[in-house]
1. If we keep just the residues of the range 89-142 that are of a type in the set (Ser, Thr, Tyr) and outside any loop (DSSP other than H, G, I, E, B), which is modelled with the highest pLDDT?
2. Kindly list the number of the only condition in (1) charged (D, E, K, R); (2) surrounded by 10 or more Cβ atoms within 10 Å (Cβ to Cβ); (3) at pLDDT 65 or above that fails for ARG7.
3. Among the residues of the range 50-74, which ones are exposed (fewer than 13 other Cβ atoms within 10 Å of the Cβ) and closer than 14 Å to LEU33 by Cβ?
4. Give me the pairs: first residue in the range 66-77 and among the aliphatic types (A, V, I, L, M), second residue exposed (fewer than 13 other Cβ atoms within 10 Å of the Cβ), beta-carbon distance under 9 Å, and six or more apart or on different chains, which are they?
Amino acid sequence: MLNADQRPAAVLLCLLALSACSEKASDPNDPDLVLVNGKIITMDDDDLIVEAVSKRGNKIVALGQTSKVKRFAGPDTQIIDLGGLIVTPGLIDVHNHFAWGAFDEYFSLNLSYPGVTSIEYILERVDKARKVYATLIDRADN
């Protein structure tokens with residue numbers, strides 16, 4: 001039986017021994033990222049939705065239940081708990097009409113009736129726009 005002074009040291013030794021046994025050596029085949037506890041929409045032919053996904057480089061290497069996919073993680077794998085959040089594949093362009101709205105607002109001329117009253121008005125607007133665009137291009141080049 002250990003006395004009170006020896007118990008902390010014994011517990012520390014046990015924890016160190018257990019952690020050494022459970023450490024897995026780094027492997028180049030380990031995924032670099034594992035997403036767990038989420039709703040991963042795969043968009044495959046079966047419309048499969050899984051809890052977890054892992055990737056190595058630009059390739060998905062495992063899909064499925066959190067407990068199974070997490071087993072492939074190595075010591076250097078980043079594991080992110082999604083807490084029920086949804087992941088969708090490759091939807092980078094989010095149908096952004098707002099960008100076109102901003103573009104139209106700042107980079108197009110409305111020369112339609114009834115706003116346009118004369119040819120001189122059109123020439124003034126075009127000249128003003130040309131100067132603004134030239135300034136923007138100069139700033140972009142510098």
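The values are calculated or read from the model by the stated rules, or taken from the named source; none is laboratory data. Keep in mind that this is a model prediction, so the values were computed, not measured. Cβ coordinates were reconstructed from backbone atoms using ideal geometry, including for glycine residues, and neighbour counts include every protein chain displayed.
1. By that ranking, first place goes to TYR121.
2. For ARG7, the failing item is (3).
3. Within the range 50-74, GLY57, ASN58, LYS59 qualify.
4. Here the result reads ALA73/LYS24, each pair linking the range 66-77 to a residue that is exposed (fewer than 13 other Cβ atoms within 10 Å of the Cβ).
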